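What follows is a short report on a single structure.
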Amino acid sequence: MNQSVKSPAAFVAPVVRFAPSPTGRIHIGNARTALLNYFFARKHGGTFLLRFDDTDSERSTEEFALGIEVDLAWLGVDPDGKMRQSERFSLYDAAAAKLKTAGLLYPCFETSEELERKRRLQIARGAPPVYDRAALQLTEHERAALAAEGRKPHWRFKLSPDVVRWEDLIRGASHIDCASLSDPVLVREDGSYLYTLPSVVDDIDAGVTHIIRGEDHVTNTAVQLQLFAALGSAHPPQFAHHNLLIGADGQGLSKRTGALSIAGLREAGVESLAVAAMAALTGSSVSVQPAHSLPELAGLVDLASISRNSARFDDEELRHLSQRVLHGLSYDFVHDRLEALEIVGRKAEPLWRAARGNLERFSDIATWWQVVEGEIAPQPLEPEFAAAARAALPPEPLDESSWGLWTQALKQATGLKGKALFHPLRLALTGHESGPELAKLLPMIGRSKVLARISAIG
């Protein structure tokens, strides 16, 4: 028997969700899922929900939940609503009771050791390691006897042996034969819920229309679609399973090891727009490229462009992309960030325009603010060259033409040219071997400071 899932004909504004477990900080692979959902909602006038799957009370912490919110905010992801599964157990209890009444959630008393022995025997016989439903053969008396021994059951969802088909928005026509699957455990022996039941209950309750997630969840889809039907959902969500980011070593990313964590990238000075571009565009037919706003990046992202192959993440490419993003940011975009570094006043915008193309990280702008507004330790000029430089320095007010006039006069007075002329002046004026155009820096440094720096004695 085939069981196909079709999407509703009429368009409805999508409702999507990002559902991290607050058991660690998110990494760039998690950010990929969050951004694909967020962009999909924004492009189609929909709703983006942040749902904390925090039913694991031992490992979930408020610190991690707050950290995930901080990481998303840094990326520019602004949820339209938030949910916590730890506050919704009454809904899950009601759903479990409904499934039990329908005979679709049944108790199993095997221990983990007994189940492992069964699995090994099946493999040894060449049979698929699928749960044999032995628990369904137990009589009420046998169940009572097992309970009297102190055994507590776990509860499995009884799957229909159908081939479940769906049209995946990324992978295309997809199907899974549920006859090849074990009935999944929905409730543990201690009464706590595994991922599947709370997730489906919340998706129904929140009216989620599209589930966009990593391809490692593909095998869960048939089970979840059967569970949607069992709980009375007339229009289950459409699914889209994207490829996964892998590290340079070819291994998957893990938030538990801190691999490429969003917090770590932020602390390293990587631009958030670069992280977002790498997360969303890697592994698609759209080349990874700098974007200067999140809406601009959203316009480049299309689920149909995502490849079926794994997406290799290149840390070095991210560093270069971060610099390209930084070099293209407007003053208006960074105004607040400059203000946080106390870079304010009439020189702030011209300095940003002059220096942004030389920055590796945003914080480097403070170095050039110190050059134009503060005090530095200049490298002294040779006395004769210093005297010539003082004599040739144009009068106030200095502007961007002053550098050319000054160096031309110095060239005629000293016979020096090229690096022999320019490099000593750069060291004296800025204290750095390289940097922004001196024609732009000179007016911001001001004539009095220029005179003081070229007159410095070693």
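The values are calculated or read from the model by the stated rules, or taken from the named source; none is laboratory data. As the structure is a computational prediction, the values presented were derived from the model and not from experiment. Because the Cβ atoms are built from the backbone with ideal geometry, glycine has one as well, and the counts that use them run over all protein chains shown. What goes into the accessible areas is simple: the full protein's heavy atoms, side chains included, and nothing from ligands, DNA or RNA. Shrake-Rupley method; radii C 1.70, N 1.55, O 1.52, S 1.80 Å.
Kindly sort Asp53, Asp315, Asp332 by accessible area of their heavy atoms, largest first, with the probe set to 1.4 Å.
Asp332, Asp315, Asp53
With the helix formula -39500 (n - 2.57) applied to DSSP H stretches of n ≥ 4, the chain reaches a computed 222 nm mean residue ellipticity of -13000 deg cm²/dmol.
With every protein chain kept in place and ligands, DNA and RNA left out, what is the accessible area per residue of segment 205-326? Probe 1.4 Å, answer in Å².
Values: 4800 Å² over 122 residues.
On a per-residue basis, 39 Å².
A compact globular protein would have a Cα radius of gyration near 2.2 N^0.38 Å; the ratio found for segment 191-336 is 1.25.
Step by step: find N for segment 163-225, compute 2.2 N^0.38 Å, then divide the Cα radius of gyration by it. What's the final number?
Normalised Cα radius of gyration, segment 163-225: 1.21.
For the set Lys417/Lys440; Lys347/Lys417; Lys43/Lys82; Lys347/Lys411; Lys82/Lys152; Lys43/Lys98, the pairs lying more than 26 angstrom apart at their alpha carbons are Lys347/Lys417; Lys347/Lys411; Lys82/Lys152; Lys43/Lys98. For Ser434, the accessible area of its heavy atoms, probed at 1.4 Å with every protein chain present, is near 80 square angstrom.
Evaluating 6.51 cos²θ - 1.76 cosθ + 1.60 at θ = phi - 60° for every residue in segment 87-102, the Karplus couplings come out as 9, 10, 4, 4, 5, 5, 4, 5, 5, 4, 4, 5, 5, 5, 4, 7 Hz, glycine and proline recorded as x. Which whole-number percentage describes the relative contact order of the chain, with Cα contacts under 8 Å and a sequence gap of 6 or more? Computed over the chain, the figure is 14 percent.
Give me the percent relative contact order of segment 170-326, please, defined on Cα pairs under 8 angstrom at least 6 residues apart.
After rounding, I find 23 percent.
Under the combined filter of DSSP loop state and at most 15 neighbouring Cβ atoms within 10 Å, segment 368-458 retains these GluC sites (Glu not before Pro): Glu375, Glu400, Glu433, Glu437. Projected over all directions and averaged, the alpha-carbon convex hull of the chain occupies 29.5 nm². Amide H contacts of Arg17 (H built 1.01 Å from N, in plane; Pro and chain starts excluded): Leu49, Ile212 sit under 5 Å, all sequence-distant by 5 or more or on other chains.
For an R0 of 30 angstrom, estimate the FRET efficiency from the Cβ-Cβ distance between Thr196 and Ala268 and round to the nearest 0.05. According to the calculation, E is roughly 0.25. Among DSSP beta bridges lying fully in the chain, give the percent that are antiparallel, nearest 5. The antiparallel fraction comes to roughly 45 percent. Can you check what the net charge comes to around Pro79, using other residues whose Cβ is under 11 Å from the Cβ of Pro79 (Lys, Arg +1; Asp, Glu -1)? The answer is 0. Placing Arg453, Arg353 in order of accessible area, with the largest value first and a 1.4 Å probe, yields Arg353, Arg453.
Across segment 186-272, C-alpha contacts under 8 Å between residues 6 or more apart give a mean separation that, scaled by the residue count, equals a relative contact order of 23 percent. Note on Ile376: accessible area approximately 40 square angstrom, rounded to 10, probe 1.4 Å, nucleic acids and ligands left out.
Within the assembled protein chains, the solvent-accessible surface assigned to Lys118 is about 60 Å², based on a 1.4 Å probe.
Angle of helix 218-230 to the longest C-alpha principal axis of the chain, folded into 0 to 90 degrees and rounded to 10: 50°. Using the Cβ-Cβ distance between Ala13 and His335 with R0 set to 22 Å, the FRET efficiency works out to roughly 0.05. Amide hydrogen proximity for Asp168: with H placed 1.01 Å from N in the peptide plane, the residues at 5 or more positions away or on another chain lying under 5 Å are Ala173, Ser174. The residues of segment 29-132 expose, per residue, 50 Å² of accessible area to a 1.4 Å probe. The GluC sites (Glu not before Pro) of segment 127-169 that meet both conditions, a loop assignment by DSSP and at most 11 other Cβ atoms within 10 Å of the site Cβ, are Glu149. Full extension of the chain between Ala248 and Ala73 gives 60.3 nm of extra length, using 0.36 nm per residue less the Cα-Cα distance. When the square roots of the Cα gyration tensor eigenvalues are ordered a ≥ b ≥ c, the ratio a/c for segment 110-227 is 1.5 or more and a/b does not exceed b/c, which makes its shape oblate.
Surface composition of segment 229-360: carbon plus sulfur atoms hold 45% of the accessible area, using a 1.4 angstrom probe and ignoring ligands, DNA and RNA.
Estimated at 0.36 nm per residue, the fully extended path between Gln412 and Ser307 surpasses their Cα-Cα distance by 31.6 nm. Close amide-amide hydrogen proximity is noted between Phe52 and Met83, Arg84, Gln85, each under 5 Å apart and 5 or more residues distant or on a separate chain (H modeled in the peptide plane; Pro and chain starts excluded). Quick check of the Kirkwood formula: for segment 15-79, what is the inverse mean of 1/r over all pairs of different Cα atoms, in Å? About 12.0 Å, per the Kirkwood formula over Cα pairs.
Using Cβ point charges alone (K and R +1, D and E -1), the dipole size of segment 48-172 about the Cα centre works out to roughly 840 debye.
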